[in-house]
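Accompanying notes for the structure given below.
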Amino acid sequence: MAFIQFENVKKIYRSGEVSVEALRDVSFQVERGEICVIVGPSGAGKTTLLNILGGMDTLTEGRIRLDGEDISAYSKKRLITYRRRDVGFVFQFYNLIENLTVLENVELAAQICPDPLDAADTLRAVGLGHRLDNFPSQLSGGEQQRVAIARALAKNPKLLLCDEPTGALDYNTGKQILKLLEDTSRGSGMTVLIITHNSALTAMADRVITVNSGSVRSVSLNPDPTPISQIEW
Amino acid sequence: MTPLFKNTYREILRSPGRFLAILAIIVLGSGFFVGLRVSEKAMTATAADYYSDAAFYDFSLANTLGFTDENVAAIAADPNVMAAEGAFETDALVTVGGGVDLVYKFHSMPSAVNTPVLVSGRMPQSPGECLADSWSGIKVGDTVTLSPANSDDTLELFRTRSFTVTGVATSPLYLNFERGSTDLGSGSVSAFCYIPPEALDADYYTAVYVRCHDMPRAYSAAYDDRADLLEPDMTALSEAVARSRYDSVISDAQSEIDDAEREYSDALQDYLTQREDAERELDEAKAELDDAKAELDDAKRQIDDGWLEYNDSVDEFNSGRLRGQEELDSARRELEAAKAALDAAANEYDSGMAQYEEGERQYSEGAAQLEQLRAAYELAKADPSTPPTVLSGLEAQLDSASATLAASRQELDSAKAGLDAAKATIDSGRLEYEENLEKYNAAVDEYNASMADAQAQLDDAYADLLDAEADYADGLREYEDGLQEYQDSRAQADSEFAEAEEELEDARRKIDDAKLKLEDIEEPDSFALGRWSNLGYSCFESDTSIVKAISAVFPVFFFLVAALICLTTVSRMVEEQRSQLGVLLALGYSRPAVMGKFLVYSGTATVLGAASGILLGSKLIPMVVWKAYNIMYVFSDSIKFVFDLPLSAITFSLYVISMLAVTLITCGRELRDVPANLIRPKPPRSGKRVLLERVRFVWDHLSFLWKVTVRNIFRYKSRVLMMILGIAGCTALMMTGMGINDSIRNVVDYQFTEISLYDYSVTFSDGLSPEDMTGFVSAVSEYAGRTVFFNQESMTASAGREEKEVQLNVLPEESLAAIPEFVDFHTGRAPIPLPSDGQILINSGLSESLDLSVGDSLTLRNDDGESMDLTVSGVYDNYIYNSVYVTGATYTSALGREPDINFALVIKAPQADSGQGLAAILSQPNVLTSTSSVDLRARIGGMMDSLIYIVLLTIVCAAALAFVVIYNLTNINIQERLREIATVKVLGFYDPETALYVLRENILLTLLGAAAGIPLGLALNAYVVTRIELDMIHFTPRVLPATYLWSVALTILFSLIVDLLMLRRLSHIDPASALKSAE
């Protein structure tokens, strides 16, 4: 049984007369501990896919299983619990709480989890041990993203979902972030899904899912992923 | 339509909520502002219109003698007077529809001044018809009947006893529900009633109502000034008329007395003459009667003699008769004896004869037998067989038989001879008897005849005597009749004389009394009273003053808050759309053009809002206020629509200018930036350490989420400040609204339960002597428990340049001990002692208006120019009237005379009925007027009742304000932190947790705002309450504990309601779409 399983997932947005098929009959699998990169052009449906997987949105048809559980049948409340416990999200624009320090930001997420990791330790693990009492506005973009990752990690989730994590970062910083993600996955066996439109990054992935116009064009396994430090673009 | 304009237009349509919110706030703010301000004007205008329709009087003239038509004409001739009309008013008991007796005040129907305004039906046209009070519930067709329980004096004033209601009306004399008090029945008048003048049988008017020339509108300052100007003239006019009335009354009375004197002496003269004549006649009659009596007596004597004679004759006659009778009787007896003897002899003879015959027969028989015997003897003899004995026997028998027979024969023959002799005697005796009998009969006849003669004579004499008796009896009767007549006449004459004398005495006495009374008629008191003396008029004035006071402050507050909210909303909107601004600038539109969009947006909202708010407010708020007051004032169902152009224009401009200014400033600020920057999203405000963080002790104990909240508060200072201000304002408004109620309503209770402990205040028409006082106390003892007498005068108090009318109460020595039972002097809880010489005790209201405290001096002045300089010894809490107190000694030493006792306070007996007590007091002859505390309390309390609507209105508006403020600001809050909220949701916060995350702020700010609102509310309340200026009542700002609780509780409640509404909004935030980055 695959860790993540998408079965014939359809997502249709309806507003009045207009209906948009964001996902058409998407099916794929992801194994535990994999780094899975989802590529595709803008508007392909990548974010939608991730959102549904992350419990932020619901599908119209089909089924999604995570670690054997059918999350597509979850009620709204159950979805929230699912998000709480099982999912860690990393956004393109970090979305840190400006009013809380770095440490508090991570604590905020850790507080609501049943089995969190220590916030300060997680921050140190991402290399921000010296910035614990600073506010996000006092951090650079990369540092902020690292905080976001720490926040997601502290929750001790089953999987990490990253939506264009390097989109707002420069080349070098982006690479650092990706390294962090790579280390997390390789180091702790975390399943990481990364959405990007940069096809160069597919080299680091164990599995590459190509999405175009709402459908999965291809799912390819990469038996020998390249460490990010070796990838140039 | 240019695209730019379309943009604006669509902007409005797309987010109608925001546009409408601004619109709503402006409508509320401007409407309330203008509406309340205008309410007072509208109320006044409505009343003024009513008064002018009803030709309400300017002055009422009254005096203690009344007015005649000439007096009215004299008044009307005064150059200041436009119209004058006499009115007759009287109270009477009536039964309506067979119920309990009520007291009605009847008015003669006026035609020129104070004309009633018809509500339904028609005016009465004939004496049996009347116009009823619209307040009383009587309908057209009902009948009002004067109760037979009325005094004769009252009933005599009316020509008919019952009236049919032809119409129902309101009267300008009775603007509110008060109908006044009376000394009849229950003590208060139930309703008024207008009847045609022809229905009244009085030849004077009780008052004259006057309308003057050139009087400004009612209730305006100009009116009051002109009325003050005219008052001395009116007073002088009233006095002049009263004097001429007095003179004419006196001279009329005098001539009547003179006439009466003349009549009296004439009558006396007649009486004396008539009496003489009568006496004479009676004496003559008496003499005649005496003569007649003498004659009768003579006659009587004669008759008596006659009777004597007659009786003698009768005696003689009787004795003669008796003798004769006796003789005749003896003769008869003899005759009868003879007859009897004869008859006996005859009988003897007959029996003898019979015997003889018998004997003869027997003899014959015997003979026969002898023969037979012989025969038998012979035979026997012849017969041989006969025994010898037998034969001898037979022979013996025969011999005896023959002997017997022979003896018998002899007997028989002698008997026969005797019989024959007897017969011869009898026959001769018979003859004698016959002769005697004849003689006897002759004697009888003779006797009878002479007896008859004598009898006849006697009868004649008797008859004559009877006649004489009869004549005498007639004569006697006549005499007795005559005597009776005389005596009757005598008695009648005597009684008539006595009567006449009595009447003459009465008349004498009456004339003397009238003379005394005439001397007693005092010169009349006269009055000229302005409109302020009419209860309805001044109550209305007080009420409008309250509305005016409230309207001074509240709306300003609303305006400020509304302005603040709009400022926030618009600046938010501008900030949100900064990227749009940037784009437009980048496209090449000029700054003004770009700003134009926002100006149009806010401008449209403001213009529409202000215009509709002002119009709606001017129309609706007075209507609401009127609804509250119309319960007490029924003269008009609808309030006049008053549009205050200056006020409206100012308000309109104020709002428009301020909104546009805000928009300009906010826009301008943003637009100073470079377009590129505008297009980029605004970097979020950086987090900062808060001061509180340094207080490690507190900070460490705060939960996470509280830390977020605290930091947030300090991060968005302006929004937070706005929220606190808005909530504080809401709390303050509610506190003020309820606080006004507290300060005003409870004044009445407080005054009458803790300060004025008496039940009645009584004003007397003159100074009372000690006998008057005891007389009064015993007269009303059924209703009055305790009474204290002192002096009360109106004075003007002045200190510096300020002046105030006060009631000066002068307490003589005897009243000092008792007065604290009737008036409790205290301030707060501390009691205040009575003043001593040279000192004065003043009430709190006066001390505030004249700015006096203990130890300051003030001057009291009266109309006669006398004055007293006094030092304030104490200030006591008091709310109603300006009542100040000095001792009698102070008064005497200042003015050089003793104070008149013309006032009393009465505490009623327990269980006594208040209304009847009042009636009893009013019916005392020396009482000028009296008020019961119960009535005063009800009257003032009634005035305050309408306040509850004002308070409710305030609370509703405050609630609306709070609602809009919190809603708006929370909305903005959420808008600003949408990403943050979405992130938190993504992190897995449940909906309640997410809500709390956001709304925790609201809760904290609400509590802070409410706390801040309390002192604000206290200040506002104090300001408004002190602005309410009523002549009679002085208010102290008070806020009851309940008000604090309610204000804060309601504020929190409104806040919670908004938060609940926000919950929905929050739960609908879709994290996915919210986090879709601005790429």
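Results, tabulated for the structure shown:
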{"quantity": "Calculated diffusion of the range B:259-520, Stokes-Einstein form, Kirkwood radius summed over Cα pairs, 20 °C and 1.002 mPa s, µm²/s", "calculated": "70 µm²/s"}
{"quantity": "Rounded to 5, the percent of DSSP beta bridges in the protein assembly as shown classed as antiparallel", "calculated": "70 percent"}
{"quantity": "Förster radius 22 Å - calculated FRET efficiency between B:TYR949 and B:PHE643, Cβ distance, rounded to 0.05", "calculated": "0.45"}
{"quantity": "Between the range A:11-51 and the range B:473-490, the Cα center-to-center distance that results, in Å", "calculated": "154 Å"}
{"quantity": "Taking the C-alpha atoms of the range B:713-848, convex hull volume expressed per residue in Å³", "calculated": "198 Å³"}
{"quantity": "Dipole of the protein assembly as shown, positive end: most advanced residue of A:VAL219, B:LEU585, B:LEU131 [Cβ charges, Cα centre]", "calculated": "A:VAL219"}
{"quantity": "J(HN,Hα) series, the range B:652-668, from Karplus relation 6.51 cos²θ - 1.76 cosθ + 1.60, nearest Hz, glycine and proline x", "calculated": "4, 4, 4, 5, 4, 4, 5, 5, 5, 4, 4, 4, 4, 5, 5, 4, x"}
{"quantity": "Sum of -39500 (n - 2.57) over DSSP H runs of 4+, divided by residues of chain B (222 nm, nearest 500)", "calculated": "-23000 deg cm²/dmol"}
{"quantity": "Helix-derived mean residue ellipticity, 222 nm - over chain A, DSSP H n ≥ 4, -39500 (n - 2.57), to 500", "calculated": "-9000 deg cm²/dmol"}
{"quantity": "Span from the the range B:906-940 Cα centroid across to the the range A:76-107 one, whole angstrom", "calculated": "80 Å"}
{"quantity": "Three-way shape call for the range A:147-233 based on the alpha-carbon gyration tensor, with the a/c threshold at 1.5", "calculated": "rounded"}
{"quantity": "Neighbour net charge for B:GLY800 - beta-carbon separation under 11 angstrom, K R +1, D E -1", "calculated": "-3"}
{"quantity": "B:ASP543 accessible area, 1.4 Å probe, all protein chains in place, Å² to nearest 10", "calculated": "0 Å²"}
{"quantity": "Convex hull of Cα atoms in the range B:767-925, direction-averaged projection (nm²)", "calculated": "10.0 nm²"}
{"quantity": "Among A:GLN5, B:SER351, B:TYR629 the positive-end extreme of the charge dipole of the protein assembly as shown (Cβ point charges)", "calculated": "A:GLN5"}
{"quantity": "Probe 1.4 Å - accessible area at B:SER853, Å² to nearest ten", "calculated": "60 Å²"}
{"quantity": "Solvent-accessible surface ranking, highest first, for A:ILE35, B:ILE657 at 1.4 angstrom", "calculated": "B:ILE657, A:ILE35"}
{"quantity": "B:LYS640, B:LYS597, reordered so the largest accessible area comes first (probe 1.4 Å)", "calculated": "B:LYS640, B:LYS597"}
{"quantity": "Area hidden from solvent between B and A (accessible, protein heavy atoms only, 1.4 Å, total, Å²)", "calculated": "2800 Å²"}
{"quantity": "Integer Hz, Karplus 6.51/-1.76/1.60 couplings in order for the range B:966-977, x for Gly and Pro", "calculated": "5, 4, 4, 5, 5, 4, 4, 4, 5, 4, 5, 10"}
{"quantity": "Convex hull (Cα only) mean projected area of the protein assembly as shown, reported in nm² to one decimal", "calculated": "136.1 nm²"}
{"quantity": "Whole-number accessible area per residue in Å² for the range B:725-820, which is evaluated in the context of all protein chains at 1.4 Å", "calculated": "39 Å²"}
{"quantity": "Stretch gain in nm, segment B:VAL117-B:GLU288, where the contour uses 0.36 nm per residue and the Cα spacing is subtracted", "calculated": "53.2 nm"}
{"quantity": "Across B:LYS105/B:LYS139; A:LYS10/A:LYS155; B:LYS139/B:LYS627, pairs whose alpha-carbon gap is larger than 22 Å", "calculated": "A:LYS10/A:LYS155; B:LYS139/B:LYS627"}
{"quantity": "Peptide-level mean, for A:80-89, of C-beta atoms on other protein chains within 10 Å", "calculated": "4"}
{"quantity": "Phi-based couplings in Hz for the range B:520-532 (Karplus 6.51, -1.76, 1.60; Gly and Pro marked x)", "calculated": "6, 4, 8, 5, x, 8, 10, 9, 10, 10, x, 5, 4"}
{"quantity": "Cut-off under 5 Å, modelled amide H: who pairs with B:MET82 long-range", "calculated": "B:ARG211, B:CYS212, B:HIS213"}
{"quantity": "Dipole magnitude (debye, nearest 20) for the range B:196-333, charges at Cβ of Lys, Arg, Asp, Glu", "calculated": "760 debye"}
{"quantity": "Alpha-carbon centroid distance for the pair the range A:154-225 / the range B:262-295, whole angstrom", "calculated": "159 Å"}
{"quantity": "The range A:4-224 - Kirkwood radius from inverse mean 1/r over Cα pairs (Å)", "calculated": "17.7 Å"}
{"quantity": "Heavy-atom SASA rank of B:PHE641, B:PHE88 (probe 1.4 Å, accessible area, largest first)", "calculated": "B:PHE641, B:PHE88"}
{"quantity": "Proximal aspartates and glutamates relative to B:LYS416, as straight alpha-carbon distance under 14 Å, when same-chain residues fewer than 8 apart are discounted", "calculated": "B:GLU348, B:ASP350, B:GLU357, B:GLU358, B:GLU360"}
{"quantity": "Protection proxy ranking, peptides B:438-449, B:52-63, B:137-148, average beta carbon neighbours within 10 Å, highest first", "calculated": "B:52-63, B:137-148, B:438-449"}
{"quantity": "Net length gained if the chain between B:LEU13 and B:GLU198 were fully extended (0.36 nm per residue, minus Cα distance)", "calculated": "59.3 nm"}
{"quantity": "Compactness of chain B as Cα Rg over 2.2 N^0.38 Å, two decimals", "calculated": "2.13"}
{"quantity": "Cβ-based net charge around B:LEU852, under 11 Å, with every Lys or Arg adding one and every Asp or Glu removing one", "calculated": "-3"}
{"quantity": "Dipole moment magnitude, nearest 20 debye, the range B:51-231 about Cα centre, only Lys, Arg, Asp, Glu C-beta charged", "calculated": "680 debye"}
{"quantity": "Charge dipole (the protein assembly as shown, unit charges on Cβ, about Cα centre) - positive-most of B:VAL1039, B:PHE67, B:ILE303", "calculated": "B:VAL1039"}
{"quantity": "Accessible surface of A:ARG24 - all protein chains present, 1.4 Å probe, nearest 10 Å²", "calculated": "100 Å²"}
{"quantity": "Violating pairs (Cα-Cα greater than 26 angstrom) within the set A:LYS11/A:LYS175; A:LYS179/B:LYS985; A:LYS11/A:LYS179; B:LYS6/B:LYS619; B:LYS339/B:LYS439; A:LYS46/A:LYS179", "calculated": "A:LYS11/A:LYS175; A:LYS179/B:LYS985; A:LYS11/A:LYS179; B:LYS6/B:LYS619"}
{"quantity": "Paired Rg and Dmax values of the range B:51-231, which use every Cα atom, in angstrom", "calculated": "16.7, 50"}
{"quantity": "Linear extension gain, B:GLN457 paired with B:GLU469, 0.36 nm per residue minus alpha-carbon span", "calculated": "2.5 nm"}
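The values are calculated or read from the model by the stated rules, or taken from the named source; none is laboratory data. Not measured: the values here are computed from a predicted model. All Cβ positions, glycine included, derive from the backbone under ideal geometry; neighbour counts span all protein chains shown. Heads up: the accessible areas ignore ligands, DNA and RNA and are worked out on the full protein's heavy atoms, side chains in. Shrake-Rupley method; radii C 1.70, N 1.55, O 1.52, S 1.80 Å.
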